[in-house]
Structure formats: C-alpha cells, structure tokens
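Novice: What follows is a structure written as structure tokens; I'll ask about it next.
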C-alpha cells in the first residue's frame, strides 16, 4: 500500500492538535503523580553529571577562548574527527572528518536536509508510521509523502519498489529511515532488507537519509551495520547524536555526508540557519567522549538499565493487559509499540488514561495521513521499573474502562 | 529610491561567491600574518573564561540534570525571566517571561522569523545596505526585497513611506532593521526616526523585526530606546543576543515577541527546527549573567576596549588614507563603513589587500541587489590598536596601488 498526501503549509494553516501534541504532553508530565510513557526522554538519573562538569573544565582549560568564540559552520575539527574514527572502528568504513557536519541536535539535521531537498509539492518516501519529529521538520517545506508498508522487520523492500514504480515519472527527493529501534515502533530494519533497500534506492536514484539516534542503545549487542556502511555509492547521509548516549541538553549531533554536493548545500543552509552549533557545547562533548573509556562504560550502563526497564514493561503488559492488546519487544532504543483493536482511537483513550495518571503518545501523529489511530507509543527509558509496572497497570485499567 | 528583486531559490541556484564570502574570509584570517577587519568577531582576550568556568560548575551544581535533559522549546524559564527583567529595567517596558523565546544565536531568530512569514515571492523591506546574515537567512525562503534609502541617521522615513505607497496593493510581510550600530555600516537609527518608522509601519500593517545585537556595545552611553519599547501596538519583534556581551560560542540569543500569534508560530517553527536551544548553554549563561555585577563590569570593559580600537582605526584612517576615501565614526558596535569612489569595486580591491596581508568585507554582499561595490565593512573589535594601525596603513597602500 502506498499513497501520497499534500502536507499543510507550515506558515499558514498550522494544525494545532498535531503541532503541539508532544509538547503539551511534556507539560502534563511535570505533575509528579503522572507516570509518563509519552516523552522520549533519557533517564536523567543516569546522566554523567560529574564527568560533564570535569569535561566543562577541560573544555576551557585546554581549548581556552576557542571554546567561546565563533567557530566554523562545519563544527569543531577534533569532534568531527572523533565522529568518523568511532564510526569507522565500529563498522569498517573509511569516512574522514571532512565528511562530518556537527548540528544542533538531530532535529536540526532533519531540518537542514529537508531545507535543501524539498520544494513545495515534492515527494519524499517514509515508513508508515514514522518519526513525528521528522514529519514536523519536513512539513515546513510542504512535501507530499509516499508512505511505505512497514512490518516487524521494518520497511518492506517489495512495497518500496512497487511504490517507486507507480510514482514514475515523478522522482521522489529522498527516502527517510530510522533503521535501528525506530521511533515510534521500536522496530529494527533487517540487515538483508538494508541491502535490498539500498539497491532499490540506487536504481531509482533516490538519496537516503539514515537517522540513527538509537543504534548504540542496543541491549542485545546484535550487529547493526548502518546503511551508510553498506553503500558504496555515497547515496546515504547518516545522522547520529549525543542526545541518547550522553545528554540531550548539550544539543550536539552530527551528519556524515559522503556526497560533497549535498554536504556543501547542508553547510550553506546551516550557515543561514544558525551559523554554527555552540563551540562550548562541542568542546564539552569532545572532552567527555575522549575522556578514557567513560563513554563506553556509560553506554553499557544505559543499555543495562533500559533493557531491564523494557523487561519490566513487557512483564507488566503480559500481566495486566486485556487479551486484544498486542505489543512488540524491541532489542534496543527507548520505545515499544502497542496496538489495540483497529476500531479504537488511542487519542480518545489518552483522555481516559490521563485521568488514571498515565500518559503515552497516541499513534495517529506518526502516520503522515493520520489515517490509523489504534497504536500507542510507549517509552520505557524514563521511568523506574516499579513505576513502569504501576503505569502499565493503570493503562490496562484505562483500556478496560474505555471499552466498556 | 526603492526597488524589488527576486532572490535566488536557496536549494537550487546557490551563488557560490555570495554564499561563502564571509566563511572563506574567516579561513584566510587563520593565517596570523593577516590583519583581519573582515570578521565580526568579538575580542577573544576579553572573554570571561574563568567566570564562565565557574558558571558551568554552578549550572550543574544548582540545576543538576535539568541542565542536561531536554527542555521546553521556549527556553529555560529563569533565563527568559532575566531577559525581560533586564530589558524592562533599561527601557521602562513591562514585558513578561512568556514573551521570550530563547534561540540558537540571533541567526536562528532570523531564520525562524523568515520561516513563518515568507512564502516565495513575498516582499520584505530592508535597509540598503543591510546585514548579510539576515539576507542569507531570508534568501532561503525566496523573498523579493524592497530596499529603502539609508543615510547617516539610518533608514529615511519618507523613503519608506513612499516605497510602501508605491508597492500597493502588494502588502510586504515585514520590515527588518538593525537600529543600533548597524552591521555593516555602524549607523544608528535616529530616535525621532524610530517613532516615525513605527507610525508608518502601523499605518501599513507592517510587522517590524528589530535586530539588536550591538545595543549594549554603546561607547558613549547615548540613550537608545529600542523600537519595541516605543511601540504600544505589539507590532515589533525584538531580538537580542549574548554573543557580543558574553560569548558567541554559547550560541544563546533571545526574541521578545509581544504578539501571541507570531510567538506561537515561532515556537512551532523552532520545535521542527531544533526542538530547543541547548539547556546546558542556557543554564551556563544564566549563572554567568546572574553572578553579581560581573556582566555589567564586563560590558564596561568591552565598551572601553572597543571604543579605543575605534579611535585607533579613525586616527589611522586620517593618517594614511588617500583623499578620496570617506568613512564614518560609529558610537558603538563593531564596524565602521568606508567608501571609495563610486567607480571602484572593493571586491577586486580585496585581492590587492590580501596580498598586503589585510582583509575586509567588500560592500557588495550587503546590498540585496549587489548593485553597489564601492563600500568596505571594517571591523574594529578583533585586533589590537597597534595591529589596527598597521592594518589600515597596509589597506591604504593597497588602495593606492589598486588605483594606479
């Protein structure tokens, strides 16, 4: 199944409900009585506060006024070097620091990519459902969405091929994917499908944007070669971030852009958008990630903690949920996906749930068409195991109450 | 004189020369032999490195994991409060923290404002010449520029009125101004003109964007009421920044947006662009600016130092420049404007000057039409008085050599 939809023009007709769903939910969650599975927040109690304090000192003592001055749009050279050294070591690639552009979080990377590619009415290709933040970034540039069927192993290559065939002679501008532990579903794109999708993309001359915020939040340590490592043609732009493995408040992420023409346009777009990402935050991150093995140990802690929280959520779902509720079991990331009977609107369920002091993100927002409403995104990274169990019990009550 | 021009579509036809002029110049200036009047860099030797180190410690010890977690799109509440408390105290206004949106430098504020206002072909109104970074932000959204005559007291109200009259029935989307110590010219908009321009803008229903990075870099302490303080109608959006009074590497700036509809759209646009400005950088700035009187003392140091450097540049211009060269004498900011005979192209002069190891920004880039080439923007904040004198002497040689 593949269809297209004209997005709303950003500056004109803002759909208020769609716009601020996540933002409004973040506000509700400030009530401590409420157990939130809604946000995409890392566990703050794991933040390496002391190590970042020390990194902040070193950022100034080692780099001095460079950490406070204007910097190049591409980013701090040593941090760009660290990005590719780490990626190359993990995946046998040979990217160089010049391939990297540092961005203000991965959200900015989405905005910049959309800005250089999308003219109003252009078609872009996405999973269905896909990441809401990506839709928000893209919508501002008024694309049409070509949505591709997605199952428990991610985007279905045959559906992609069929949809692109049917689109001819229209040439979509790019394919957007979150291959590892996708937001919202937690689904991981099967490795063999990665190769098939890359081959299709190459045949159709379709640039690929690989959004990978969760790849290192990998509980089972299954090998997950990024698409950019499987693509000899330079067709893939890869986006990584420090938000999930260090701290989102630094707002430092990165793009690896093998294609020099795309890279030049991204740099030019970024120059007009914010000149450059904060030098200070970049040097603080640099000093943290190059401080011995503390990053690796920290990622181990995150994976162990989130893995136990996922297990607690799965156990509570088994123990409390009525029979008609289904869910998946992701091997990493921060979310799992729960589906009710197709007739149920989880947007309406949310009202009932918030009366029970538990919230989630209704699935509708993640579909470009807003044409399915039976899903729920449940975050398991931000609450303790005990609160997760209590929250799922409350949610099960809400579901039962909602149906009767 | 008023004319209109269709801008280049950002994603398509990037004019390489226009695009990267400043960026390329920043690279040249990394050669220590070169004396640069080109950048817009604050003096790094004045950066309050130790005070920021301490502010970094307090950001984490006082605010803990909040300084590292995702935050609201609008910004850290205490910092928004500080912005309006300071503005209200200086100018007798009564803005509230809810009017403020924290942005990633003032460049992001320009991008967001353009994003919500400009559809391709829309007209916007600017000084001629005007700030290059603003043109770069706006160009991405494909406006037409209505350029207004500017003299030694800033935009000429009669010219604005005449141009808006002639534009009817076209309704320009907004008026962009840098009223204090403008970049590139150093010119300050006369206070009586501020009132006249506000009255015209109100009559033509024209929103005003007041870009004020330099207002506090005021050597003579002349009172400079911002337009937003003279405007009872809520028609003005005001943009300030920490870049010139603390450090640009933090990348923290702010918009004061009295109009709730504009503010809501800016917040929505920012959510899609980068979710929020770095929490850590915001708390570090908060702790610095609320740390006793260190900010006020620091601003005094900046003004005293830059004032002496301006004086050194003025003395050297008098001592070395050939007769046909004219310049102005700004009371603040970081730039002055130098004009040669109308027939001279300072873009070509730059080649000669760089051979003499001195660089500047040729004036052409600051004109939306690129139809004047005889000006030079000279920065006086970034070099010592001795280097300023040597640099102006070299520049005078280059001008003489260029003409013969």
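The values are calculated or read from the model by the stated rules, or taken from the named source; none is laboratory data. This one's a predicted model, so the numbers in the text were calculated from it and none came from an experiment. Neighbour counts run over all protein chains shown; Cβ positions are idealised from the backbone, glycine included.
Novice: Any idea which of (1) in contact (Cβ under 8 Å) with a residue 40 or more places away in the chain; (2) buried (at least 22 other Cβ atoms within 10 Å of the Cβ) is the one residue B:272 doesn't satisfy?
Specialist: The single condition residue B:272 does not satisfy is (1).
Novice: Sort through B:127, B:122 and tell me the only one that's within 29 Å of residue B:197 (Cβ to Cβ), surrounded by fewer than 24 Cβ atoms within 10 Å (Cβ to Cβ) and more than 9 Å from every other protein chain (Cβ to nearest Cβ).
Specialist: The conditions single out B:122.
Novice: Quick check on my filter: what residues within the stretch B:16-53 are in contact with a helix residue (DSSP H, G or I) (Cβ under 9 Å, 6 or more places away or on another chain), modelled with pLDDT of 90 or more and more than 10 Å from every other protein chain (Cβ to nearest Cβ)?
Specialist: B:34, B:35, B:36, B:37, B:38, B:51
Novice: Sticking with this structure for a sec: Filter the stretch B:130-161 down to the residues that are within 9 Å of chain A (Cβ to nearest Cβ) and assigned to a strand (DSSP E or B) and list them by number.
Specialist: none
Novice: Among the candidates B:225, B:232, B:260, which residue alone is away from every other protein chain (no Cβ under 14 Å), surrounded by fewer than 23 Cβ atoms within 10 Å (Cβ to Cβ) and at pLDDT 95 or above?
Specialist: Selected residue: B:225, the only one of B:225, B:232, B:260 that is away from every other protein chain (no Cβ under 14 Å), surrounded by fewer than 23 Cβ atoms within 10 Å (Cβ to Cβ) and at pLDDT 95 or above.
Novice: Scan the stretch B:60-113 residue by residue and report those that are over 21 Å from the mean Cα position of the chain (by Cα), assigned to a helix (DSSP H, G or I) and within 14 Å of chain A (Cβ to nearest Cβ).
Specialist: Of everything in the stretch B:60-113, those that are over 21 Å from the mean Cα position of the chain (by Cα), assigned to a helix (DSSP H, G or I) and within 14 Å of chain A (Cβ to nearest Cβ) turn out to be B:60, B:61, B:62, B:63, B:64, B:65, B:66, B:67, B:77, B:79, B:98.
Novice: Separate question: Can you tell which of B:184, B:169, B:213 is surrounded by fewer than 20 Cβ atoms within 10 Å (Cβ to Cβ) and in the same structural domain as residue B:146 (by TED's automatic domain parsing)?
Specialist: B:169
Novice: Please indicate, with yes or no, whether at least one residue in the stretch B:354-363 is touching a residue at least 24 places away in the same chain (Cβ under 8 Å), farther than 14 Å from residue B:129 by Cβ and assigned to a helix (DSSP H, G or I).
Specialist: Yes, the stretch B:354-363 has at least one match.
Novice: Taking the stretch A:280-298 as the region of interest, how many residues are touching a strand residue (DSSP E or B) at 6+ places or on another chain (Cβ under 9 Å) and either facing chain B (nearest Cβ under 8 Å) or surrounded by fewer than 18 Cβ atoms within 10 Å (Cβ to Cβ) (or both)?
Specialist: 0
Quick grid of which residues meet (1) out of contact with any helix residue (DSSP H, G or I) (no Cβ under 9 Å at 6 or more places or on another chain); (2) surrounded by 22 or more Cβ atoms within 10 Å (Cβ to Cβ); (3) outside the structural domain of residue B:184 (by TED's automatic domain parsing):
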residue	(1), (2), (3)
B:332	no, yes, yes
B:338	no, yes, yes
B:342	yes, no, yes
B:354	no, no, yes
B:368	no, yes, yes
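Novice: Every residue in the stretch A:215-225 that is assigned to a loop (DSSP other than H, G, I, E, B) and in contact with a strand residue (DSSP E or B) (Cβ under 6 Å, 6 or more places away or on another chain), please.
Specialist: Correct list: A:217, A:219.
Novice: Looking at residue B:277, is it modelled with pLDDT of 95 or more, in contact with a strand residue (DSSP E or B) (Cβ under 9 Å, 6 or more places away or on another chain) and under 30 Å from residue A:114 (Cβ atoms)?
Specialist: For residue B:277, the condition - modelled with pLDDT of 95 or more, in contact with a strand residue (DSSP E or B) (Cβ under 9 Å, 6 or more places away or on another chain) and under 30 Å from residue A:114 (Cβ atoms) - is met.
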